[in-house]
Amino acid sequence: MVTTLAISKYVNSLLEVETKFSVQQSLSDRFFSEWYEDLPELTEAEKKRCDLLKERYLYHRHHGHISEGLVNQIAIAPLLEMASFYDPPFDIRAEYPVQLESIEFDENEETIYQGRIDTLVIHKKLWVLVIESKGQEFSIESGMAQALTYMLDSPNQSQPTYGFISNGGFSIFLKVVKDEVRQYQFSNDFSLYNRRTNELLSVLQILKKISRLLQ
C-alpha cells in the first residue's frame, strides 16, 4: 500500500526526519565549522545596509503580521544579493518539487512524502527556506525539520549541502552531508531582537562564506 503525505503537514520534528529518512545529527563541533570559522570581513557599506535591513524589518514587524513575500523582499533577498547569489555561477529555482520515500517494513507500507519549496534553491547546493512570521504560530523547529527533509532530496551527493532558514526576525543555517551515514547539524540561531548587536552581520558573513565555498 502506498500513501502520499505532504511534508509541510506530516514532518514537524527532527526526530521524525531522523526516523523516517535514516539521518542523524552530528555531535561534533567541527562538522559544521563553516558558520563560525574564517568568516570574511564586511565592508562599511555592507554593515550600513545590514543596519538598515534590521531597522526596516523591526519597523514592519512592530505593526503586525509580515507575510512570507514581504519577509523575502525586505530581509532575505537583499542579503542574498550582497552575498552574490544572484550572479553566475548560481542558478535560482523557485517552486522546486521534493519527493522522498519512507518504507514501513513491519506493516508492508510505503509512504511517499512530497513538498514544494516555494522559495529558493540555489545551484542545488544552498537551499533557502523563508517562513512567514506569524507570532505564536511560528515554529522555528518545524521549519528546521521541513528544511532538513527538503535537503535530503538534493541531487548533490559529492559535496555538503547548506540550508538557510529564516522568518526575517530569526535565522539559522543547516549543513547536510550525504555519505554512507547521512548527517546534519545546525548553526547557532541569529536574532534581530538582540539589542546590543546586529546579528544580520553574522548572517551575511556566513552567506558570503558559503557563496565562496560553492563556486
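The values are calculated or read from the model by the stated rules, or taken from the named source; none is laboratory data. Given the structure is predicted, the values throughout are model-derived calculations rather than measurements. Reconstructed Cβ throughout: ideal geometry from the backbone, glycine too, with neighbour counts over all protein chains shown. Heavy atoms of the whole protein, side chains included, go into the accessibility calculation; ligands, DNA and RNA do not. Shrake-Rupley method; radii C 1.70, N 1.55, O 1.52, S 1.80 Å.
Below is a table of values for the structure above.
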item: Net +/- balance of residues flanking Val203 in space, Cβ distance below 14 Å, scoring K and R +1, D and E -1; result: -1
item: Rough spin-label spacing in nm, given labels placed 7 Å along Cα→Cβ, for Ile112 and Arg56; result: 4.1 nm
item: Sequence-distant residues sharing a close amide H with Thr111 (under 5 Å, placed H); result: Thr3, Ser102, Ile103, Glu104
item: Vicinal HN-Hα couplings computed from phi for region 177-191 (Karplus, 6.51 cos²θ - 1.76 cosθ + 1.60; Hz; Gly/Pro x); result: 10, 9, 10, 4, 10, 6, 10, 8, 7, 10, 7, 5, 8, 10, 10
item: Heavy-atom SASA rank of Arg196, Arg182, Arg56 (probe 1.4 Å, accessible area, largest first); result: Arg196, Arg56, Arg182
